[in-house]
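A.B. asks: Below: one structure in structure tokens.
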Amino acid sequence: MQRLYRKRIVLGVGGGIAAYKSAELVRRLRDHGAEVRVVMTQGGREFITPLTLQALSCHPVHLDLLDPAAEAAMGHIELARWADLVLIAPATADLMARLAQGVANDLLTTVVLATNAPVALAPAMNQAMWADPATQANREQLLARGIRLFGPGSGSQACGDIGMGRMLEAEELARAAADCFETGMLTGKHLLITAGPTQENIDPVRYITNHSSGKMGFALAEAAAEAGARVTLVTGPVFLPTPDRVQRIDVVSARDMLAACEAAMPCDILIAAAAVADYRPEVVAPHKLKKDPSTGDGLLLQMVRNPDILATLAGRADRPFCVGFAAETENLLEYAARKLRDKNLDLIVANDVANPSIGFNSEDNAVSVIDRQQHETRFGQASKGHIARALVAFIAERYKES
Ligand code: PMT
């Protein structure tokens, strides 16, 4: 099982002798399915060449904060937003001190300040440096700020000393990185998630659909599985691989999607991220429609309403905790709040699809969640994986309070 499948990891390499293990770490992270971008400090470059890490990560290594060419390709803010996890290995005593103080005087420390992703450090230093009260105070401060520490381990050191301060081995670090994504918040719960578009046939060769790629729904399914839930993902036609530990059911039309969801019930939480067609042609022509000279240049299609999957499930006696999505191009919050009321939901995720960098078929999203008391919680622009993990954590909290 690739526990880091599609996870984006920024690997920071500090200036310590353990930097030689970073090469192996890049390989282990990639073996577990992660995409890795390497950022090196000036000191890190003294111990291992950027070329080695570029060859192993298959991406250019990021070195300088003030390099216009590198900033134009993928700037420090972009790199910080891209990351699902920032892992610094080795983290020297100096790096720990600078991070504890919030110093941002090189690319790596700047990325740490700018990221919303979890940050983990793999300390590596001489045992006396590790034991020093200054380092221990920095350690406490970093932990208090939610920064994770992997290790250090104990044993013989490059300098000949024996004691605490050895960087953990690459495989141990890769496993610890994977554990960061396993929250267990939804252990024992069944989540039903809808994703993707539906297709409504006009005739045997044509259909009506929309621009949904399924990325948001699939990211939610992945995040829910990582949170320990049993996940059923009912999806319209999309071109995405099935996340690990997720039961996927493929459907085509809105009516198929409703039938599959009803068959998957009961569930504890329903998240409806699918872009379901509200209407379908009343009659599906048995043969390909031909141009008809008697109707001139036009074609009239009589459409009928599709069932509302979310409202139907929210109206059942065994109603789950219901979370809808609202894709809007105007009056976002007002229309979303109306859908929350009309469909009898617990939460609605308002998605501004007028902005092409978020919403349909984009890599990123930015959403607001509205609850029954009309309180709005904002999730700023980030990758759909990142937004999905934040949403799943939020939904799990609200579900527990309900
Ligand atoms: O798939 P991506 O490319 O990643 O894009 C993500 C997304 C924009 C599709 C997604 O984040 C999103 O906003 N999904 C909802 C899209 C939508 O069309 O919403 P709506 O306002 O039409 O519907 C409101 C809610 O009712 C949604 O939860 C929808 O799944 C549900 N619904 C709507 C109609 C219907 N017949 N049955 C439903 O269950």
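A.B. asks: Being charged (D, E, K, R), touching a residue at least 12 places away in the same chain (Cβ under 8 Å) and within 17 Å of Glu171 (Cα to Cα) is true for just one of Arg6, Arg37, Arg30, Arg45. Which residue is that?
C.D. replies: Numbers: Arg6 fails: within 17 Å of Glu171 (Cα to Cα); Arg37 fails: within 17 Å of Glu171 (Cα to Cα); Arg45 fails: within 17 Å of Glu171 (Cα to Cα).
Criteria check complete, one pass: Arg30.
A.B. asks: Restricting to the stretch 224-250, and then to whatever is in a strand (DSSP E or B) and touching a helix residue (DSSP H, G or I) at 6+ places or on another chain (Cβ under 6 Å), can you tell me which residue is farthest from Ile395 (Cα to Cα)? Give the derivation first.
C.D. replies: Step one: filter the stretch 224-250 for residues in a strand (DSSP E or B), giving 230-235, 246-250.
Cutting the leftovers down to touching a helix residue (DSSP H, G or I) at 6+ places or on another chain (Cβ under 6 Å) gives us 231-234, 246, 249.
Details: Val231: 15, Thr232: 17, Leu233: 17, Val234: 19, Val246: 18, Ile249: 23 Å.
Of everything passing the filter in the stretch 224-250, Ile249 is farthest from Ile395 (Cα to Cα).
Quick grid of which residues meet (1) at pLDDT 95 or above; (2) more than 16 Å from Ala18 (Cβ to Cβ); (3) assigned to a loop (DSSP other than H, G, I, E, B):
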| position | (1), (2), (3) |
| --- | --- |
| Leu99 | yes, yes, no |
| Ala122 | yes, no, no |
| Met125 | yes, no, yes |
| Ala137 | yes, yes, no |
| Gln141 | yes, yes, no |
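A.B. asks: If you go through the stretch 343-400, how many residues are in a strand (DSSP E or B) and more than 9 Å from the ligand (Cβ to nearest atom)?
C.D. replies: Step one: filter the stretch 343-400 for residues in a strand (DSSP E or B), giving 347-352, 358, 364-371, 376-383.
Pick out the ones that are also more than 9 Å from the ligand (Cβ to nearest atom) and you get 347, 352, 364, 366, 368-371, 376-383.
Going through the stretch 343-400 one residue at a time, the tally reaches 16.
A.B. asks: Is there a residue being under 21 Å from Leu85 (Cα atoms), among the aliphatic types (A, V, I, L, M), surrounded by 19 or more Cβ atoms within 10 Å (Cβ to Cβ) and touching a residue at least 24 places away in the same chain (Cβ under 8 Å) anywhere in the stretch 373-386?
C.D. replies: yes
A.B. asks: Checking the condition within 21 Å of Cys267 (Cα to Cα) and touching a Ser or Thr at 6+ places or on another chain (Cβ under 8 Å), which residue from Asp352, Asp346 passes?
C.D. replies: On the way: Asp352 fails: within 21 Å of Cys267 (Cα to Cα).
Just one listed residue meets the conditions, Asp346.
A.B. asks: Inside the stretch 260-288, can you point out the residues that are surrounded by fewer than 16 Cβ atoms within 10 Å (Cβ to Cβ), within 15 Å of the ligand (Cβ to nearest atom) and farther than 24 Å from Gly359 by Cα? Spell out how you get there, then give the answer.
C.D. replies: If we filter the stretch 260-288 for residues that are surrounded by fewer than 16 Cβ atoms within 10 Å (Cβ to Cβ), which is where we start, we get 262-263, 265-266, 268, 278-279, 282-288.
Adding the requirement that they be within 15 Å of the ligand (Cβ to nearest atom) leaves 262, 265, 278-279.
Matches in the stretch 260-288: Glu262, Met265.
A.B. asks: Looking at Ala221, Ala178, which one is buried (at least 17 other Cβ atoms within 10 Å of the Cβ), in a helix (DSSP H, G or I) and more than 16 Å from the ligand (Cβ to nearest atom)?
C.D. replies: Ala178
A.B. asks: Looking only at the stretch 214-222, decide whether some residue is within 22 Å of Val323 (Cα to Cα) and among the aromatic types (Phe, Trp, Tyr).
C.D. replies: Checking the stretch 214-222: at least one residue is within 22 Å of Val323 (Cα to Cα) and among the aromatic types (Phe, Trp, Tyr).
A.B. asks: If a residue must be aliphatic (A, V, I, L, M), under 18 Å from Val103 (Cβ atoms) and in a loop (DSSP other than H, G, I, E, B), how many such residues does the stretch 143-173 contain?
C.D. replies: Number satisfying all stated conditions: 1.
The values are calculated or read from the model by the stated rules, or taken from the named source; none is laboratory data. Everything numeric in this text was worked out from a predicted model, so none of it was measured. Note that we place each Cβ from the backbone using ideal geometry, even for glycine, and neighbour counts take in every protein chain shown.
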